[in-house]
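The structure appears below as structure tokens.
The values are calculated or read from the model by the stated rules, or taken from the named source; none is laboratory data. Not measured: the values here are computed from a predicted model. With ideal geometry, Cβ positions are generated from the backbone for all residues, glycine too; neighbour counts draw on all protein chains shown. The accessibility values were calculated without ligands, DNA or RNA, using every heavy atom of the protein model including side chains. Shrake-Rupley method; radii C 1.70, N 1.55, O 1.52, S 1.80 Å.
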Amino acid sequence: MKWWLESLKKEHLKLTPSMAAPIWLWAFAASLALIPSAFGNCEGDALYTLRKSLVDPDNVLQSWDPNLVNPCTWFHVTCNQDNRVTRVDLGNSNLSGHLVRDLGKLEHLQYLELYKNNIQGTIPAELGNLKNLISLDLYNNNISGTIPRSLGKLKSLVFLRLNDNKLTGPIPRELVGVSSLKVVDVSNNDLCGTIPTSGPFEHIPLNNFEKNPRLEGPELLGLASYDTNCS
């Protein structure tokens, strides 16, 4: 960019006074040219941090080059017309490693698809910052720890599939307030307590909670504490 600005200055000096554009004009144009790159680099940095945390034996992330202006040319990444990342599709990609907090910086992300891998570690609480997220698919991995309460802030979330992992703790009651939820599947984990029965959970089938040996069944509102059997 520096060489481009120097060249522009030289061309500006060659012009007659009547032809020369005000110096603020080309400076403003140069600053505008940097704006998409700033967005792209921020999101690219976040995704590259994810890449560094993953083991990728099949090289599905080979195109994730941090030297590019933005990540919209990377395989398995989709952007909108403003070059903001809206999808990350890495399901069934033979990946291992762990998730990173930087994913919470992808503020326009709508779909995070990382199912059927061998990802370990915990679900970062920072995923609760993804206010535009529609689908969070982390099923069929080896993810442990609790389901973050911060996921209750995802007011656009429709699909939450966390089944077939090693999750522990209760089902966060904050999820009851996510009215957009249509699908919740947390089966085959080690969750405890009771199953919510209000809000969107009124219409979630009970088999989406099965194979959690310490999960006690639907809560009885006002009669039983939902976190019983959790320690």
| request: Run the numbers on the stretch 106-231 and let me know its relative contact order in percent, using alpha-carbon pairs under 8 Å that are six or more apart. | output: 19 percent
| Dimensionless Rg over Rh [the stretch 82-145; C-alpha; Kirkwood] | 0.95
| message | Suppose accessible area is computed on protein heavy atoms with a 1.4 Å probe; arrange E202, E126 from highest to lowest. | response | E202, E126
| query | Hey, any idea what % of the stretch 107-231's accessible area is carbon plus sulfur with a 1.4 Å probe? | reply | 49 percent
| note | Charge tally for neighbours of K131 with beta carbon under 9 Å away, counting Lys, Arg as +1 and Asp, Glu as -1, is +1
| Potential lengthening between D190 and S53 on full extension [0.36 nm per residue; Cα-Cα distance subtracted] | 46.8 nm
| Roughly what percent of Cα-Cα pairs across the stretch 111-231 reach past 21 Å? | 31 percent
| request: Run down the aspartates and glutamates and flag those whose C-alpha is under 16 Å from the C-alpha of K116, throwing out any fewer than 8 positions away in its chain. | output: D56, D58, D89, D137, D164, D185
| What does the highest-first list of 45-54, 188-197 look like by mean Cβ count within 10 Å? | 188-197, 45-54
